[in-house]
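Just below is one structure, and these are the notes that go with it.
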Amino acid sequence: MAPVEELWLVRHGESAGNVAATRAEIEGREAISLEWRDADVPLSDTGVEQAGALGMRLRTIDPAPQIAWVSPYVRAQQTFTLAVADGPAIGAVFADDRLRDRELGILDLLTRKGVAARHPEEAERRAHLGKYYHRPPGGESWADVALRLRSFLRDAADSPATVGLIVAHDAVVMLLIAILTRMDEAELLAFAATNTVLNASVTRLHRDGDEWMLAEFSNVDHLERAGADVTVHPGSPDVAPE
């Protein structure tokens, strides 16, 4: 994806959806109570604080990103806006639908308990197909998300920037890592099983010749220095625990 030499991948700060989903799982409910559609879910108060702390880290990037691509979802847009309020100055900023979160179709707003109770057939399909290829009706598999991200990366390769910033979602960050470092399905699932993309975390990849190297993963030192909460919300619960 020359000429880009370095990519900084950021997950949005904690969202109201993260909080509601975690609460529903803890309380053993079948459904997640949320008033917004997924695209409109805002940051929580903690997420706003995290986004401000993220700005401290972004200001240390040298050279600063010349271009940024941001998911159009509200939680990602808010994170970006708050993080760059006091710099760095980024010359070109684009919202790109291909960076949106994974769509869950009929499993949207259901907890693991809810999926098991209301769509047991999907739990069976998931067990047979595996996490990477299971596509909920009306939704996307990880493979589907990877396809749109490959399209995004082909277009991003035309950018004249050498350093780029992407603000998106946990699945997007995980799959971008997999695509760029050429993980196969087994390698990706093994990595995802033991690593979580934390809210407002920073992941950095750099290009070494024709190879992309993972230099930093899910770093939240900036949150700890600022006294902001580090939140562990692994995203959508999917159909069954790993």
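The values are calculated or read from the model by the stated rules, or taken from the named source; none is laboratory data. Note that the coordinates shown come from a computational prediction; the quantities given were computed from them, not determined experimentally. Heads up, the Cβs are rebuilt from the backbone with ideal geometry, glycines too, and the neighbour counts pull from every protein chain shown. The protein model used for the area step is the full one, side chains on, heavy atoms only, and it has no ligands, DNA or RNA in it. Shrake-Rupley method; radii C 1.70, N 1.55, O 1.52, S 1.80 Å.
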### Summary
Classified through the alpha carbon gyration tensor (a ≥ b ≥ c as square roots of its eigenvalues; rounded if a/c is under 1.5, else prolate when a/b is larger than b/c, else oblate), the range 150-242 comes out oblate
### Message
Helix-only mean residue ellipticity at 222 nm, the chain, DSSP H runs n ≥ 4 weighted -39,500 (n - 2.57), per residue, nearest 500. What is it?
### Response
-11500 deg cm²/dmol
### From phi via Karplus (6.51, -1.76, 1.60), per-residue ³J(HN,Hα) for the range 132-138 in Hz, x at Gly/Pro
5, 9, 6, 10, x, x, x
## Note on the structure
Per the C-alpha gyration tensor (a ≥ b ≥ c, the square roots of its eigenvalues), the range 159-211 is rounded if a/c is under 1.5, else prolate if a/b beats b/c, else oblate; here it's oblate
### Query
Residue farthest toward the positive end of the dipole of the chain, with Cβ of Lys/Arg at +1 and Asp/Glu at -1: which of VAL220, PRO3, ALA68?
ALA68
### Message
How tilted is helix 74-83 with respect to the longest principal axis of the chain? Cα atoms for both, answer in degrees (0 to 90, nearest 10).
### Response
30 degrees
### Query
With every protein chain present, what accessible area does TYR133 have (1.4 Å probe, heavy atoms only), rounded to the nearest 10 Å²?
120 Å²
#### Entry: Angle in degrees between helix 16-26 and the longest Cα principal axis of the chain, rounded to the nearest 10
40 degrees
## Note on the structure
In Å³ per residue, the alpha-carbon convex hull of the range 72-159 encloses 111 Å³
### Query
In debye, nearest 20: dipole of the chain around its Cα centre with unit charges on the Cβ of K, R (+) and D, E (-)?
220 debye
### Query
With axes computed from alpha carbons, what is the tilt in degrees of helix 142-156 against the longest principal axis of the chain, rounded to the nearest 10 within 0 to 90?
20 degrees
#### Entry: Rg/Rg_ref, the chain, where Rg_ref = 2.2 N^0.38 Å and atoms are Cα
0.98
